[in-house]
Amino acid sequence: MEKVIKEKSTNPIPVHVAIIMDGNGRWAKSRGLDRSEGHVKGVETVRTITETAAEIGVKYLTLYAFSTENWNRPSEEVMLLMKLIVKAIKKETPDLIRNNVRLKAIGDLDRLPVESRESLHESIRATSECTGLTLCLALSYSSRWEITEACRKLAALSKDRKLTPQEINDSTFEAHLNTNFMPDPDLLIRTGGDRRVSNFLLWQLAYAELYFTPIFWPDFTADHFKEAIKEFQSRERRFGLTSEQITQ
């Protein structure tokens, strides 16, 4: 599949793919299961898609795992998700190292329970020397929160006379975003049927290609992921230019 994609495409493999992993709860409900079963199954999909992304040459994979809005869900579900995060991170870290995958995280991580936060940071430290795919988990994340935090940092620098208003541009602003260690996404995939970005990477998605699928995240396979990559490669990315300029 990788070879076919590369030979028949006009675009290369996307450097950075971001995914809104939607549909865990609805997947479980459609099968008469508790919502928790959907989250458990969703973790298996994370493993599959991470391995597939690494295999085909994606350099950065960002997964929207838990939004700041998700804190408003029933407390039982939130507690289960936090426990699941701890369990999954501890279980998957050896495989991440074996597959040369570096783990990173973005979001208001201080809001995470202590055990979840410590497990996350331990895995980040353990995989810090890996040089393959960077897997970034967006946890307790919202783009408006991230942008507001960047504004606060820039305002503090300006107040301390370390930065003038004239020095604030796209580059200085991006340097104060959570995502300053990686390039903007080339492709956004959202599973589950909804067609919105849901407060995810609003700044960074400015020129990303958007791909929506009705398939629930637990049912999203390696082949589905590769189909999204093929669709991305069939599109003309103009970045404000004309088709003629791109051709030249």
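The values are calculated or read from the model by the stated rules, or taken from the named source; none is laboratory data. Remember, it's a predicted structure, so these values are computed and weren't measured experimentally. Cβ coordinates were reconstructed from backbone atoms using ideal geometry, including for glycine residues, and neighbour counts include every protein chain displayed. With ligands, DNA and RNA removed, areas are computed over all heavy atoms of the protein, side chains included. Shrake-Rupley method; radii C 1.70, N 1.55, O 1.52, S 1.80 Å.
Springs between alpha-carbon pairs under 10 angstrom, Gaussian network model over the chain: which of 60, 211, 141 fluctuates most?
Per the Cα network of the chain with a 10 Å cutoff, 211 tops the list.
Over the chain, what number does the Rg to Rh ratio reach, with both radii from the alpha-carbon atoms and Rh per Kirkwood?
That ratio equals 0.98.
Please give the contour-minus-distance gain from residue 15 to residue 175: 0.36 nm per residue of separation, less the Cα-Cα distance, rounded to one decimal in nm.
Taking residue 15 through residue 175 to full extension adds about 55.7 nm, to one decimal.
Could you work out what % of the accessible surface of the chain is carbon and sulfur, using a 1.4 angstrom probe and leaving DNA, RNA and ligands out of the count?
Looking at the chain in its full context, I get 50 percent from C and S.
How would 97, 56 line up by accessible area, probe 1.4 Å, largest first?
97, 56
Evaluate E = 1/(1 + (r/R0)^6) for residue 114 and residue 236, where r is the Cβ-Cβ distance and R0 equals 45 Å; express this FRET efficiency to the nearest 0.05.
Efficiency, from the Cβ-Cβ distance: 0.40.
For region 23-156, with equal point scatterers placed on the C-alpha atoms only and solvent neglected, what are the log10 I(q)/I(0) values from the Debye formula at q = 0.11, 0.14, 0.15, 0.18 1/Å, to two decimals?
For the requested q values the scattering log ratios are -0.43, -0.69, -0.78, -1.08.
Roughly how big is region 126-194's charge dipole about its Cα centre, with Cβ charges of +1 (Lys, Arg) and -1 (Asp, Glu), in debye to the nearest 20?
Working: 7 positive and 10 negative charges, 77 e Å.
Using Cβ point charges on Lys, Arg, Asp and Glu, region 126-194 gives about 380 debye.
Work out which helices of the chain, taken as complete DSSP H runs, extend at least 30 Å along their axis over the Cα atoms and score a mean Kyte-Doolittle of -0.5 or more, then list them. Mind dumping the intermediate values first?
On the way: long enough: 35-56 (32 Å, -0.42); 75-98 (35 Å, 0.23).
Span-like helices, by this rule, are 35-56, 75-98.
Given Cβ point charges of +1 (Lys, Arg) and -1 (Asp, Glu) and nothing else, what value in debye, to the nearest 20, does the dipole of the chain about its Cα centre take?
Dipole magnitude for the chain comes out near 180 debye.
For 190, 117, give me the order by solvent-accessible area with a 1.4 Å probe, most accessible first, ignoring ligands, DNA and RNA.
On the way: 190 10, 117 55 Å².
Of 190, 117, the descending order of accessible area is 117, 190.
Specify whether the C-alpha gyration tensor of region 81-152 places it in the rounded, prolate or oblate class, a ≥ b ≥ c being the square roots of the eigenvalues: rounded for a/c under 1.5, otherwise prolate if a/b is larger than b/c and oblate if not.
Since a/c reaches 1.5 but b/c is at least a/b, the shape of region 81-152 is classed as oblate.
Could you give the accessible area per residue of the chain, probe 1.4 Å, as a whole number in Å²? Display every interim value, and only then the final one.
Working: 13240 Å² over 248 residues.
Ligands and nucleic acids excluded, the result is 53 Å² per residue.
Just the accessible area for residue 203, please: 1.4 Å probe, Å², rounded to the nearest 10?
About 80 Å², ignoring ligands and nucleic acids.
Does region 58-110 classify as rounded, prolate or oblate by the C-alpha gyration tensor (a ≥ b ≥ c root eigenvalues; a/c under 1.5 gives rounded; else a/b over b/c gives prolate, otherwise oblate)?
Oblate, since a/c reaches 1.5 and b/c is not below a/b.
Ignoring everything but the protein chains, give the 1.4 Å probe accessible area of residue 130 in square angstrom, nearest 10.
My reading of the accessible area for residue 130 is about 20 Å².
The chain: longest stretch without exposed GluC sites (Glu not before Pro) (DSSP loop, at most 12 other Cβ within 10 Å), sites themselves excluded?
1-128
Solvent-accessible area of residue 171, probe 1.4 Å, all protein chains present, reported in Å² to the nearest ten, please.
80 Å²
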